[in-house]
Amino acid sequence: MMTQTPSRAAVLVTAGLVLLSGCGERPSDTTTTAAAVTAAQTRAAAFWNSATVYFLLTDRFANGDSTNDLALGRAQDGAVLRSFQGGDLAGLLQQLETGYFDSLGVTAIWMTPFVEQIQGSVDEGTGKTYGYHGYWTRDWTAVDPALGTMDDLRAVVDAAHRRGIRVLMDAVINHTGPVTSLDPQWPDGWVRTEPRCGYTDYATTVECTLVANLPDIRTDSDAPVDLPGPLLDKWEQEGRLEEEVAELDAYFARTGYPRGPRYYVMKWLTDWVREFGFDGYRMDTAKHFEEAVSAELKREAEQAFADWKAAHPDLVIDDLPFYLMGEVYNYDVANGRGFDFGNRTVDFFAIGYDGLINFGFKRDAAGPLDDFFTRYAAALRDGALRGCAILNYASSHDDGAPYDPDRKDPRGTATRLLLAPGGAQIYYGDELARPLKVPGAQGDANLRSFMNWDDLARGGTTAEVLEHWRKLGRFRRAHPAVGAGAHRRLQAEPYIFSRKLDTDRVLVALDQGDGPKTIPVFDVFPEGTALVDAYSGMRGTVAGGKISLTTPSGLVLLSEPR
Ligand SMILES: [Ca+2]
Ligand SMILES: [Ca+2]
């Protein structure tokens, strides 16, 4: 640990030490030597590649407390789906306690940022918009009152942990919220307000504002800054000014970091881990700040997670390390480890990221299944991404070109997503065919309608679609080989494949037709093995290299019964 104010070079050298905790093998270069994949990394990658992560906008998922719907005086005068809609942590807790996530096989929840948002609204060209989505921070140390309280947040994370479900915190360090008449700009030492990002090379991706009026934190600067006056005033009014300042003093004394902007934000972000036990970050806009920032943040978060575990042994799920998952927009499994900014390529896995969101899935999913199943598994098991994790998605909150935008085939989406190698992100409502196009909505508001619980309550097709997602999700949770195992195509038409780990093996057969069916099992299961089809619940025994079953579905999910 540093004990005095370090130079920028010293900070970067220290960040270099953190590279040892990143994902898997890394190429040799001048600052690190190639390290073998450790056992802990292998276990972590296996977990996250077989994870099913449920991503929800807290404001749009479930309203458990109508008294907070108009918190901070925010009005309902936004454009379509651009005001707060009432969803909150209490609603999320209710769904946790009904077992909604367990029934889907969910192993981790990623909720949009819960920190306090700007009070006012802005129009970025798509209509008057409030910070319902969580990416417009006003105060990194408070829970937004529209979403609930600190106690509500603790109840959600604890309830998830008691069910063995991990919780990812959506962490923003790149920018503050936009400036409004109610939300003054942070001081110049903290943020830059120009130029706008041009996205043509590294500098025009990192040292710039993503859009107009979205002040960019000076993550590059070690120059000491004072706390903004409006934040001091706010804390004073809330009766916690002295406590917050004392904590910051202790943090800077402990770490030796200079009082540059990013170190304040790191303190605030990691406090949530230390206090609540978040299992990882989903790092927002990870390609829009310097690599050293991610490495420094990961080290602090790992320490915070260790502190939380030591203080809460009754809530610890297991010894998996803190997980850092990056939103590197447009990263694609086909990129391997390198992301190309145009004039510079960055290996995000080497700077502390254990996993990256795979923006290539929605395109790959439109092609033949075996093509991308084979390619993903090869990359993750023996290829460039060995020891690393990816997170596939079919739809998301800011991708205007999702897979199946008209929800024509929600069952097929589940089959592709939940049987693919790599982590699976269910975006809230994928499992209920929640519409991704809403009359009157502009831009990404289309993707963010309130959860269509009403459709589910009516039963019918929506309930049938959900049942399909649940069967696949539970199969995936019960069998880590599905997401993390070695993939083998056994038959092209109708398609049959296997996935294997040392401790788990499954065989999946598609398009087998309804009714009686006889499925070859090749050499996956020996003669006489008793098998169960997770889709129908029917059982049988391997005889003559085949299993005969009568099931109502063409999809068969075979494994040995537990
Ligand atoms: Ca509410
Ligand atoms: Ca930036």
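Below is a table of values for the structure above.
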item	result
Enumeration of residues in the stretch 216-248 that are of a type in the set (A, V, I, L, M) and exposed (fewer than 15 other Cβ atoms within 10 Å of the Cβ)	Ala223, Leu232, Val245, Ala246
Whichever residue in the stretch 60-77 is in contact with a helix residue (DSSP H, G or I) (Cβ under 9 Å, 6 or more places away or on another chain) and not aliphatic (A, V, I, L, M) and, among such residues, is nearest to Trp469 (Cα to Cα)	Phe61
Residue identified as within 24 Å of Arg562 (Cβ to Cβ), assigned to a helix (DSSP H, G or I), in contact (Cβ under 8 Å) with a residue 60 or more places away in the chain and touching a Gly at 6+ places or on another chain (Cβ under 7 Å) among Arg499, Arg477	Arg477
Number of positions in the stretch 115-137 that are in a loop (DSSP other than H, G, I, E, B) and surrounded by 24 or more Cβ atoms within 10 Å (Cβ to Cβ)	5
In the stretch 423-452, the residues that are closer than 30 Å to Ala481 by Cβ and touching a residue at least 60 places away in the same chain (Cβ under 8 Å)	Gly423, Ala424, Gln425, Ile426, Tyr427, Tyr428, Glu431
Filter result for Asp319 (surrounded by fewer than 23 Cβ atoms within 10 Å (Cβ to Cβ) and in a helix (DSSP H, G or I))	no
Given (1) touching an Asp or Glu at 6+ places or on another chain (Cβ under 9 Å); (2) touching a residue at least 60 places away in the same chain (Cβ under 8 Å), number of the condition Arg259 does not satisfy	(2)
Residue ID - farthest from ligand 2 (Cβ to nearest atom), chosen from residues in the stretch 160-204 that are small (Gly, Ala, Ser), surrounded by fewer than 22 Cβ atoms within 10 Å (Cβ to Cβ) and part of a loop (DSSP other than H, G, I, E, B)	Gly164
Subset of the stretch 88-135 (residues that are small (Gly, Ala, Ser) and either more than 16 Å from ligand 1 (Cβ to nearest atom) or more than 28 Å from Pro230 (Cα to Cα) (or both))	Ala90, Gly91, Gly99, Ser103, Gly105, Ala108, Gly120, Ser121, Gly125, Gly127
Test set (1) within 16 Å of ligand 1 (Cβ to nearest atom); (2) not in a loop (DSSP other than H, G, I, E, B) - Ala146 fails condition number	(2)
Qualifying residue in the stretch 114-136 (condition: in contact (Cβ under 8 Å) with a residue 12 or more places away in the chain and within 16 Å of ligand 2 (Cβ to nearest atom))	yes
From Tyr257, Tyr263, Tyr251, residue being surrounded by 17 or more Cβ atoms within 10 Å (Cβ to Cβ), closer than 15 Å to Glu290 by Cβ and away from ligand 2 (no atom under 16 Å from the Cβ)	Tyr257
Test for Asp271: is it under 28 Å from the mean Cα position of the chain (by Cα) and modelled with pLDDT of 95 or more	yes
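The values are calculated or read from the model by the stated rules, or taken from the named source; none is laboratory data. Being a predicted model, the structure only gives us computed values, none of them experimental. A quick note on method: Cβ atoms are made from the backbone with ideal geometry, for glycine too, and the neighbour counts reach across all protein chains shown.
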